[in-house]
Structures are given as structure tokens and as C-alpha cells.
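The values are calculated or read from the model by the stated rules, or taken from the named source; none is laboratory data. Because the structure is predicted, anything quoted here is derived from the model rather than measured. So basically every Cβ, Gly included, is an ideal-geometry build from the backbone, and we count neighbours across all protein chains shown. SASA here: full protein model, heavy atoms, side chains in, ligands and nucleic acids out. Shrake-Rupley method; radii C 1.70, N 1.55, O 1.52, S 1.80 Å.
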Amino acid sequence: MCITAKLNFLVVGYTRKKDAELVELVVKGDHKAFEELLNRYQNAVTNFAFRILQNSSETEDIVQEVFLRLYRTVNTYNESSNLQTYLFTITKNLCIDYYRKKKPMITNEPPEVAYHDNTEKKIYSLEMRDRVEKIIAGLPKNQRAAIHLCYEHSMSYQEISEVMGVTVNSTQSLIYRGRKKIREELSAFS
């Protein structure tokens, strides 16, 4: 087997492993396994942090800290919980700490997203998405976070309540109030 084939096998081997297997490898000092976890979750963590902070430079700092904490505490990670939920909990807590320490600079800078708008339908869809994102950005941070976890990450109410540290009823209420505000604002555009 040539070197290129061996390297491809190793890379594919990591991408096929479950999170729990990668965590075990990271505990044993396997840096490639940590790199795979980073590749899997960096975008999701970045998007979640940005939705809460609405500031790209602070988001970068938070994301770096999230993965540093994961690396430092990986041996204490409880495999019975979902790794994404664990990472989002760390992210939420760091964002709360950020708000406690500093008054955030709020920008209207959207996250970097590649769009392919080659038809009128897609253009309309993008315009509507932009309106919805602006409305969501104006929601209180807990509603914004709950809406983001629900729709961007398809998390259940139970998972969202674990990430946010609130009851399932509180999660349902946050999402209900967020949806209501979005509907109200969208009807004003019509």
C-alpha cells in the first residue's frame, strides 16, 4: 500500500468513527482524533456563539475557548450525553460569562454563508431569510439561542433545555415567544 493510500485510509478512518470513539482516542493523546472533532463541530459552535453574541471577533474568541476547554476536560466528558449538547452548553456558559464581564458590541454583521442565488425563487428565499435573521437578531438572547438550537441544529426541547440550563417548559415558552415575535414582524412586512 502506497503512502498516499495509507494517509487516505487514516483520514477516512477518523471520519467514520463515532464521537465517543474519538473522545477515547483524544484521552489517549491522539491529536488527529481531536482535529476530527474540531472539524465536525467548529461551524455549529461558531454559528451558535454568533447567534448569541452578534459579534464576529468575540465569537472567534469564544469558539477557541470552547475547544480549549473540551481538550483540557475531555477525560471528564460523560459519554452518556451528546457531544454537541456538551459543546453548546460550554458555548452558552462562555457567552453568559462574556456578557457578565463586558457590555457586548452588537453588530449587524451576518455570519459568512455561501449562497447560490441563481433563480428568482432562491433570491426571494434569501430575502426572506435575511428578514427572519434580522428579526431573530433583535430577540432577547435566550429566545435567540433557543430558536437557533431548535431550527439550525434540530435539537429537541429536552436537549435545548439541557444546553440552556432551563426547564423544558421554559424552553417551550422561549421558542413560542420567539416564533410569535417572528410571525408578528413578518406580517408587518407583508
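Hey, among 96, 106, which residue is modelled with pLDDT under 85, under 22 Å from residue 155 (Cβ atoms) and surrounded by fewer than 17 Cβ atoms within 10 Å (Cβ to Cβ)?
Being modelled with pLDDT under 85, under 22 Å from residue 155 (Cβ atoms) and surrounded by fewer than 17 Cβ atoms within 10 Å (Cβ to Cβ) holds for just one of 96, 106, which is 96.
Name the single residue that is farthest from the chain's Cα centre (by Cα) among those in the stretch 15-37 being in contact (Cβ under 8 Å) with a residue 24 or more places away in the chain and surrounded by 15 or more Cβ atoms within 10 Å (Cβ to Cβ).
26
Within the stretch 163-170, is even one residue assigned to a helix (DSSP H, G or I), open to solvent by 20 Å² or more (accessible area, probe 1.4 Å) and touching a Phe, Trp or Tyr at 6+ places or on another chain (Cβ under 8 Å)?
Within the stretch 163-170, one or more residues are assigned to a helix (DSSP H, G or I), open to solvent by 20 Å² or more (accessible area, probe 1.4 Å) and touching a Phe, Trp or Tyr at 6+ places or on another chain (Cβ under 8 Å).
Go through the stretch 61-93 and count every residue that is among the charged types (D, E, K, R) and either under 15 Å from residue 163 (Cα atoms) or open to solvent by less than 10 Å² (accessible area, probe 1.4 Å) (or both).
Restricting attention to the stretch 61-93, the residues satisfying the condition of being among the charged types (D, E, K, R) are 61, 65, 69, 72, 79, 92.
Pick out the ones that are also either under 15 Å from residue 163 (Cα atoms) or open to solvent by less than 10 Å² (accessible area, probe 1.4 Å) (or both) and you get 92.
Final tally of qualifying residues: 1.
Applying the selection to the stretch 130-162, what residues are among the hydroxyl-bearing types (Ser, Thr, Tyr), assigned to a helix (DSSP H, G or I) and open to solvent by 20 Å² or more (accessible area, probe 1.4 Å)?
Correct list: 151, 157.
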